[in-house]
Amino acid sequence: KEKHKILHRLLQNSS
Amino acid sequence: TLLLGAEPEKVCAMPDPALPDSDIKALTTLCDLADRELVLNISWAKHIPGFSSLCLSDQMSLLQSAWMEILILRVAFRSLLCEDKLVFAEDYIMDAEQAKSAGLLELHKVILQLVRRYRSMRLEREEFVTLKAIALANSDSMHIEDVEAVQGLQDSLHEALLDYECVHHREDPRRTGKLIMTLPLLRQTSAKAVQHFCSIKQDGRVPMHKLFLELLEANV
């Protein structure tokens, strides 16, 4: 998950 | 109706006027455009009914497998009215000559093959947005945790397409199947595109933004 930081963050905050 | 409303707005390529035309400039412009579209596409995904109820790791797995298919399908739909050219953005339309000078002729040809297929079917916007959601749900990631939930999402989007065709295309009961049958070519085209941009990343001459790099590496 660390490697995919940006995707993880974008999925979390655009909800 | 929800998917039509969720469709991201147009993005402009805005090639850097200060840079002289070159293959590096063309590739830099395309990678920059793709990176900005990816941000919109991730937000779009969250508006697909059912997608946000998947667990976060499955949301990530689907996007990591389907992101290039989604980008290419948007290019294909934008290019429907433009014979033999690819409309990457309203301000960035590429013909075969430009594609060749950017080292993208092969990719240009296969994406145009997809465009011709959709043009001959007269693909409609409602079908385009539903097919794009299906491509995401059907992206065959190997890391899905809740297979049943993803299957449920595939089923509901498949149902939506069947419903639409049953009402708007009574004359062709096989139209849903014909649309689904374009997905293998989309998958193949996407795989070629990812491979090509991975090799461009290797030679390191084209600057790439972090999200684009992250998703490029996710497929390796």
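Considering (1) assigned to a helix (DSSP H, G or I); (2) over 20 Å from B:Glu214 (Cα atoms), the lone condition that B:Ser61 does not fulfil carries the number (2). Selection of first residues in segment B:68-82 that are over 21 Å from B:Cys198 (Cα atoms) and of second residues that are modelled with pLDDT of 95 or more and part of a loop (DSSP other than H, G, I, E, B), restricted to Cβ pairs under 9 Å at least 6 apart or on distinct chains, gives the following pairs, ordered by first then second residue: B:Ala76/B:Leu123; B:Phe77/B:Leu123; B:Arg78/B:Glu90; B:Ser79/B:Lys85; B:Leu80/B:Arg122; B:Leu80/B:Leu123.
Please tell me if B:Leu211 is touching a residue at least 24 places away in the same chain (Cβ under 8 Å) and away from chain A (no Cβ under 13 Å). No, not satisfied. For B:Phe88, the conditions (1) more than 14 Å from chain A (Cβ to nearest Cβ); (2) more than 28 Å from B:His158 (Cα to Cα); (3) in contact (Cβ under 8 Å) with a residue 40 or more places away in the chain are fulfilled apart from (2).
Considering segment B:184-209 alone, what residues qualify as being basic (Lys, Arg) and in contact with an Asp or Glu (Cβ under 8 Å, 6 or more places away or on another chain)? Result: B:Arg187, B:Lys192.
Looking at B:Ile111, B:Ile48, just one residue is among the aliphatic types (A, V, I, L, M), in contact (Cβ under 8 Å) with a residue 60 or more places away in the chain and not in a helix (DSSP H, G or I), and that residue is B:Ile48. Only one of the numbered conditions (1) more than 13 Å from every other protein chain (Cβ to nearest Cβ); (2) in contact (Cβ under 8 Å) with a residue 60 or more places away in the chain is not met by B:Thr1, and that is (2).
Within segment B:6-21, is there a residue that is part of a helix (DSSP H, G or I) and either touching a residue at least 40 places away in the same chain (Cβ under 8 Å) or within 14 Å of another protein chain (Cβ to nearest Cβ) (or both)? Spell out the reasoning first.
Step one: filter segment B:6-21 for residues part of a helix (DSSP H, G or I), giving B:6.
The next check asks that each one be either touching a residue at least 40 places away in the same chain (Cβ under 8 Å) or within 14 Å of another protein chain (Cβ to nearest Cβ) (or both); those that pass are B:6.
Yes, some residue in segment B:6-21 is part of a helix (DSSP H, G or I) and either touching a residue at least 40 places away in the same chain (Cβ under 8 Å) or within 14 Å of another protein chain (Cβ to nearest Cβ) (or both).
Please indicate, with yes or no, whether at least one residue in segment B:127-137 is free of Cβ contacts under 8 Å to residues at least 60 places away in the same chain, in a helix (DSSP H, G or I) and of a type in the set (Phe, Trp, Tyr). Scanning segment B:127-137, I find at least one residue that is free of Cβ contacts under 8 Å to residues at least 60 places away in the same chain, in a helix (DSSP H, G or I) and of a type in the set (Phe, Trp, Tyr), so the answer is yes.
Matching residues to (1) at pLDDT 95 or above; (2) surrounded by 21 or more Cβ atoms within 10 Å (Cβ to Cβ); (3) aliphatic (A, V, I, L, M):
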{"site": "B:Thr28", "(1), (2), (3)": "yes, no, no"}
{"site": "B:Asp32", "(1), (2), (3)": "yes, no, no"}
{"site": "B:Glu37", "(1), (2), (3)": "yes, yes, no"}
{"site": "B:Leu63", "(1), (2), (3)": "yes, yes, yes"}
{"site": "B:Met68", "(1), (2), (3)": "yes, yes, yes"}
{"site": "B:Leu73", "(1), (2), (3)": "yes, yes, yes"}
{"site": "B:Arg78", "(1), (2), (3)": "yes, no, no"}
{"site": "B:Ala96", "(1), (2), (3)": "yes, no, yes"}
{"site": "B:Ser101", "(1), (2), (3)": "yes, no, no"}
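Of the set (1) in a helix (DSSP H, G or I); (2) exposed (fewer than 13 other Cβ atoms within 10 Å of the Cβ), all apply to B:Val194 but (2).
From the list B:Ile144, B:Ile200, the one residue that fits, being buried (at least 19 other Cβ atoms within 10 Å of the Cβ), in contact with a Ser or Thr (Cβ under 6 Å, 6 or more places away or on another chain) and of a type in the set (Val, Ile, Thr), is B:Ile144.
Can you confirm whether B:Tyr118 is aromatic (Phe, Trp, Tyr) and without any contact (Cβ under 8 Å) to a residue 40 or more places away in the chain? It is false that B:Tyr118 is aromatic (Phe, Trp, Tyr) and without any contact (Cβ under 8 Å) to a residue 40 or more places away in the chain.
The values are calculated or read from the model by the stated rules, or taken from the named source; none is laboratory data. Just so you know, these numbers come straight off a predicted model, no measurement behind them. Neighbour counts run over all protein chains shown; Cβ positions are idealised from the backbone, glycine included.
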